[in-house]
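Let me begin by presenting the structure, written as structure tokens, before commenting on it.
Please treat every number below as a calculation from the coordinates, not as lab data. Computed from a predicted structure; not experimentally measured. So basically every Cβ, Gly included, is an ideal-geometry build from the backbone, and we count neighbours across all protein chains shown.
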């Protein structure tokens, strides 16, 4: 049985094309915070609402570099939000890499051996 391809992810790295660390130091949290309402199923409201990042746009530190990981599902959910984060990366000359998220090691190891 063929599985559907996993959504790609774009890693916006806090390093400019010239190799400089991007400032301010909380840029990743700010960008992901601006995208927090773009979630599968829509924004949450009411008494059960809480502040949190969208699973489609999350800040992370990878190998000591601040990044924002943007799932391409955001493009389908809200094309203007996708354009916003991609334009942010371009306008600030940030390094961008595309990848496909792999399951974590514990999931992979269950099928091996």
Label-to-label distance, nm, for residues given as residue 29 and residue 80 (7 Å Cα→Cβ offset) | 2.8 nm
Sequence ranges 79-92, 56-69, ranked by mean other-Cβ count within 10 angstrom, highest first = 56-69, 79-92
Residue 37 to residue 62: extension gain in nm, 0.36 nm per residue of separation minus the Cα-Cα distance?
-> 6.6 nm
